[in-house]
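One structure is given below, encoded as structure tokens.
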There are 2 protein chains.
Amino acid sequence: MPHLDPFFKQVDTLKDTFIERLREAVAIPSISSEDERRQDVIKMGHWLADQIKALGGTVELRELGQQPHREHLVLPPVLLGRYGDDPKKPNILIYGHYDVQPAQKSDGWNTDPFTLSIDEKGRMYGRGSTDDKGPVLGWLNAIEAHQKAGVELPVNLIMCFEGMEENGSEGLDDTIRAEAKKFFKDADVVCISDNYWLGTEKPCLTYGVRGCNYYSVEVSGPGADLHSGVYGGMTHEPMTDLIRIMNSFVDPDGKILIKGIDDLVAPLTEQEAALYPPIAFTMNDLHEGLGSETSIYDNKEDSLKHKMRYPSLSLHGIEGAFYTPGAKTVIPAKVIGKFSVRTVPNMEIDEVTALVEKHVNEEFAKLKSKNKMKFNVMHVGKWWVEDPNHPNYTAAAKAVERVFGVKPDMTREGGSIPVTLTFQEELGKNVLLLPMGSSTDGAHSINEKLDKRNYIEGTKLLGAYLHYVAGELKRG
Amino acid sequence: MPHLDPFFKQVDTLKDTFIERLREAVAIPSISSEDERRQDVIKMGHWLADQIKALGGTVELRELGQQPHREHLVLPPVLLGRYGDDPKKPNILIYGHYDVQPAQKSDGWNTDPFTLSIDEKGRMYGRGSTDDKGPVLGWLNAIEAHQKAGVELPVNLIMCFEGMEENGSEGLDDTIRAEAKKFFKDADVVCISDNYWLGTEKPCLTYGVRGCNYYSVEVSGPGADLHSGVYGGMTHEPMTDLIRIMNSFVDPDGKILIKGIDDLVAPLTEQEAALYPPIAFTMNDLHEGLGSETSIYDNKEDSLKHKMRYPSLSLHGIEGAFYTPGAKTVIPAKVIGKFSVRTVPNMEIDEVTALVEKHVNEEFAKLKSKNKMKFNVMHVGKWWVEDPNHPNYTAAAKAVERVFGVKPDMTREGGSIPVTLTFQEELGKNVLLLPMGSSTDGAHSINEKLDKRNYIEGTKLLGAYLHYVAGELKRG
């Protein structure tokens, strides 16, 4: 068992310094999706680079040029950094992002979003506090606490911090591909702290995310929108056809009705099934998240499995139909239904698309309508799953137990985090999601916060993980 | 047969005067739905009153006070006029409106919408030319031509011209109710010239309109919109439920699937069936109107019956779901589906609503969903049908044959014209729709026009009708 107490003690000692570091970071409004804040994003990248250099790291701010389709904007740089270069130590690639979601006090924040505001319960409010400045600074805090405690870091760190995560990660995949055999070539494993615990008490390790195939079905007929009084009853109506097609995808209990989809889903093994019961999650937690008691399943395990390891299909809406309040007697001429399938192992993107397209064509043919139908693929992204028994995970689990005194929840995210798959595919290395924040942090909402406990104990966790992963990798 | 030639000749002689009258009327932008044009609507009412007085009629401009819910606006007056008061003559109530739809050159007009512009084919372009200034002035033209021809008008005219038709006819129903036993008490029949021929060559008499019951179904569940990655598969989704319900109303061929609706529809009699084959309408006309070849039926008769004498059900759209271009991975928390039923004899408003509500409740119950569902009635309006064998129609048919040399099409409108029902119910008198314009006039569109032929021969038609209706009523 690594000797970590001097490090832990130093983290506690430096607590206020670390909070000041977060306060400085939150004060830079690095909103990547707002043109007028682009300079602040770049400023934030430089601030972060300076922090790393002050700790003795080396940094390159890799420029990415103009933003595609928005040529008046320069992309913020990807920060490629190193801390330590001992060839005898394993190399851990850490990823995070230094940009944030938009925020304005007038959106409903109780405090200024770019002034870190700490309440009596230790909740530190501020845009980026939990997503993802807190976790990124956690790595820096861990380095500083090691230095001040006189404890040697047992690994070399390879850093990849981007500034466009909240705006499509423009340029990141290209950089990872380009550097896979260069800057990143020595990486032994990857660790990302950019998601959240399932609840508020128990840390988790995340070993998978679902993919997303997003489709549309366009039905058109009349040359222009028609008056339903004048033409109702005489013509095939695109809305009637589209609703029929959309009705055929999924039943009210969420069961996907597209033939062949179920056959692609990897069967649940006993080993995997055993991961669900210990997860710290209750039906109350789910109902709180939903804001309603509309859960399909009445138990935690089924609910979690259907978020994490089974596909789902959602109907998002219809473009081209009447959508405002009030009444309009229109027969819309062209309507586009939007829906998406959340995918899981072993649903390959193209296999799923082929099944969906076949289904849509068959359903439309059944209608014998004179309208025209077009099926479109809007965007696709594959699921990512790791082996949770890999040494990278074993190490993180031990670190959680050491710092928090509990075994972590082993979770998968229902939504997608595309960078996980890119690292896995381009580097061929095990990727671990090791979150710092809790489920109540409100990452993309108003009043985003990070609890002091999560920040400080999270810093300990990240540091401890480096020791355990060094041990596991040496052993492995 | 009335001796009408001197009147007809005088109409031809006065042609240019009548066109100047229309030019003056079109020049007043009496848009009832635009606050800043309200004074122009009022100005138009006064201009019309002055025209009638100049012809020897008497006029009262009935003030209606402030506009409900828009108290900063004064309603334009209802013009109550009389021409002739010979107790031995029958009294014909004529209705029309002097306000117009909005129009701006920048909407795509080829000419200034408020300057009457006549092209080489005799098409007179201008907002209100056909809807409804041309027809209203047709009555005045007929009076003037009678005077100048030295032919006595065989009827007294009772006039009701409103200035809010394009903005909900605010105040009109109350006025009709209030005056039914007063100003309108002597009316023997009602004639309205405010709709259109089915095509461009053959006049029609319109003896019915469909009603419209407009409903919404609201399905709600989650407390707020959810991320489909995070929650998809765990919760009942309001969109899935709503699409199921909307799918149950009508099949792609327009057949209404709500139990009991069909039983309310009056059976087609042989006499009524015989009205359809002579109607001047082709499948080409329908396809031109649709801008597509998406007609449900392959023959004229079935198409017309389903516009005129059978109900239809249209799905208009969904409020609360994702509706813009692009892709959004949202589970909408509350969605409201809008649909309406076009009603025909003998579908009573409340009977239909009861059947629809029962159906919606049953369909929702089948889903066994934990979401909440609410059925709403948004607005209702009853169908109106007259006996097309009434002397009022016989007279009009004879007038058409005299002026145009053809038997008119006997038609019903698919859309609603609420004032017809109000006159029928409040006065208990036969109401006739006797249109002047043709199907290509583009009443509510850009480049609205009235053909010279329709205006001049239409003026003859209105005058001739007054003679024939006097004869028929005397006989009856």
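The residue list A:Pro325, A:Pro311, A:Pro267, A:Pro332 contains one member that is more than 14 Å from chain B (Cβ to nearest Cβ) and either surrounded by fewer than 14 Cβ atoms within 10 Å (Cβ to Cβ) or in contact with a strand residue (DSSP E or B) (Cβ under 9 Å, 6 or more places away or on another chain) (or both), which is A:Pro267. Within the range A:96-119, not a single residue is within 23 Å of A:Asp188 (Cβ to Cβ), touching a Ser or Thr at 6+ places or on another chain (Cβ under 6 Å) and touching a residue at least 12 places away in the same chain (Cβ under 8 Å).
Given the structure, is A:Tyr297 under 26 Å from A:Leu205 (Cβ atoms) and facing chain B (nearest Cβ under 8 Å)? When the stated conditions are applied, A:Tyr297 passes them. For the range B:150-180, a residue qualifies if it is part of a loop (DSSP other than H, G, I, E, B), touching a helix residue (DSSP H, G or I) at 6+ places or on another chain (Cβ under 9 Å) and on the phi < 0 side of the Ramachandran plot, and the qualifying residues are B:Val151, B:Glu152, B:Leu153, B:Pro154, B:Val155, B:Gly163, B:Met164, B:Ala180.
Among the residues of the range A:74-100, write down those that are hydrophobic (A, V, I, L, M, F, W, C) and closer than 13 Å to A:Gly163 by Cα.
So in the range A:74-100, the residues hydrophobic (A, V, I, L, M, F, W, C) come out as A:74-75, A:78-80, A:92-94, A:100.
Once the filter is applied, which keeps residues that are hydrophobic (A, V, I, L, M, F, W, C) and closer than 13 Å to A:Gly163 by Cα, the range A:74-100 yields A:Val74, A:Leu75, A:Val78, A:Leu79, A:Leu80, A:Val100.
Identify all residues within the range A:321-360 that are within 30 Å of B:Ser312 (Cβ to Cβ) and either polar (S, T, N, Q) or without any contact (Cβ under 8 Å) to a residue 24 or more places away in the chain (or both); write none if there are none. Walk me through it before giving the result.
Within the range A:321-360, the first condition is being within 30 Å of B:Ser312 (Cβ to Cβ), and the residues that meet it are A:321-339, A:359-360.
A:Phe322, A:Tyr323, A:Thr324, A:Pro325, A:Gly326, A:Ala327, A:Lys328, A:Thr329 - these are the residues of the range A:321-360 that are within 30 Å of B:Ser312 (Cβ to Cβ) and either polar (S, T, N, Q) or without any contact (Cβ under 8 Å) to a residue 24 or more places away in the chain (or both).
For (1) out of contact with any strand residue (DSSP E or B) (no Cβ under 6 Å at 6 or more places or on another chain); (2) touching a residue at least 24 places away in the same chain (Cβ under 8 Å); (3) under 26 Å from B:Leu172 (Cα atoms), each residue gets a yes or a no:
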site: B:Pro418; (1), (2), (3): no, yes, yes
site: B:Glu425; (1), (2), (3): yes, no, yes
site: B:Val431; (1), (2), (3): no, yes, yes
site: B:Pro435; (1), (2), (3): no, yes, yes
site: B:Glu448; (1), (2), (3): yes, yes, yes
site: B:Arg453; (1), (2), (3): yes, yes, no
site: B:Ile456; (1), (2), (3): yes, yes, no
site: B:Tyr465; (1), (2), (3): yes, yes, yes
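Inside the range A:237-261, residues that are part of a loop (DSSP other than H, G, I, E, B), surrounded by 19 or more Cβ atoms within 10 Å (Cβ to Cβ), at the interface with chain B (Cβ under 9 Å from one of its Cβ atoms) and in contact (Cβ under 8 Å) with a residue 24 or more places away in the chain make up a count of 3. Look through the range B:340-368, keep the residues that are under 25 Å from A:Asp253 (Cβ atoms) and either buried (at least 24 other Cβ atoms within 10 Å of the Cβ) or of a type in the set (A, V, I, L, M) (or both), and return whichever of them is farthest from the other protein chains (Cβ to nearest Cβ). By that ranking, first place goes to B:Val360. Among residues belonging to the range B:210-225 that are out of contact with any Phe, Trp or Tyr (no Cβ under 7 Å at 6 or more places or on another chain) and facing chain A (nearest Cβ under 7 Å), point out the one that is surrounded by the fewest Cβ atoms within 10 Å (Cβ to Cβ). By that ranking, first place goes to B:Ala224.
Candidates in the range A:268-316 are the residues that are touching an Asp or Glu at 6+ places or on another chain (Cβ under 7 Å) and of a type in the set (Ser, Thr, Tyr); of these, the one that is farthest from A:Gly414 (Cα to Cα) is A:Tyr276.
Within the span defined as the range A:137-149, every residue fails to be part of a strand (DSSP E or B) and touching a strand residue (DSSP E or B) at 6+ places or on another chain (Cβ under 7 Å).
Does the range A:427-444 include one or more residues that are out of contact with any Leu (no Cβ under 9 Å at 6 or more places or on another chain) and surrounded by 24 or more Cβ atoms within 10 Å (Cβ to Cβ)? Before you say what the answer is, go through the steps one by one.
Start the filter on the range A:427-444 by keeping residues that are out of contact with any Leu (no Cβ under 9 Å at 6 or more places or on another chain), which leaves A:428, A:430, A:440, A:442-444.
Keeping just the survivors that are surrounded by 24 or more Cβ atoms within 10 Å (Cβ to Cβ) gives none.
Checking the range A:427-444: not a single residue is out of contact with any Leu (no Cβ under 9 Å at 6 or more places or on another chain) and surrounded by 24 or more Cβ atoms within 10 Å (Cβ to Cβ).
What do you reckon, is B:Ile258 within 30 Å of B:Leu421 (Cα to Cα), among the β-branched types (Val, Ile, Thr), touching a His at 6+ places or on another chain (Cβ under 9 Å) and assigned by the TED database to the domain that holds B:Thr240? Before the answer, list the steps.
Details: within 30 Å of B:Leu421 (Cα to Cα): yes; among the β-branched types (Val, Ile, Thr): yes; touching a His at 6+ places or on another chain (Cβ under 9 Å): yes; assigned by the TED database to the domain that holds B:Thr240: yes.
So B:Ile258 fits the description; yes.
Reported count of residues in the range A:156-182, each being farther than 14 Å from A:Leu75 by Cβ and either of a type in the set (S, T, N, Q) or modelled with pLDDT under 95 (or both), is 1.
Could you list, in sequence order, the residues of the range B:48-71 that are assigned to a helix (DSSP H, G or I) and without any contact (Cβ under 8 Å) to a residue 24 or more places away in the chain? If you could, list the steps in order and put the result at the bottom.
Step one: filter the range B:48-71 for residues assigned to a helix (DSSP H, G or I), giving B:48-54.
Within the range B:48-71, B:Asp50, B:Lys53, B:Ala54 meet the criteria.
Check the range A:95-108 and report whether any residue there is more than 17 Å from the chain's Cα centre (by Cα) and surrounded by 24 or more Cβ atoms within 10 Å (Cβ to Cβ). Taking every residue of the range A:95-108 in turn, none turns out to be more than 17 Å from the chain's Cα centre (by Cα) and surrounded by 24 or more Cβ atoms within 10 Å (Cβ to Cβ).
The values are calculated or read from the model by the stated rules, or taken from the named source; none is laboratory data. Everything numeric here is computed off the predicted structure, so don't read it as measured data. Positions of Cβ are backbone-derived with ideal geometry, glycine not excepted, and every protein chain shown enters the neighbour counts.
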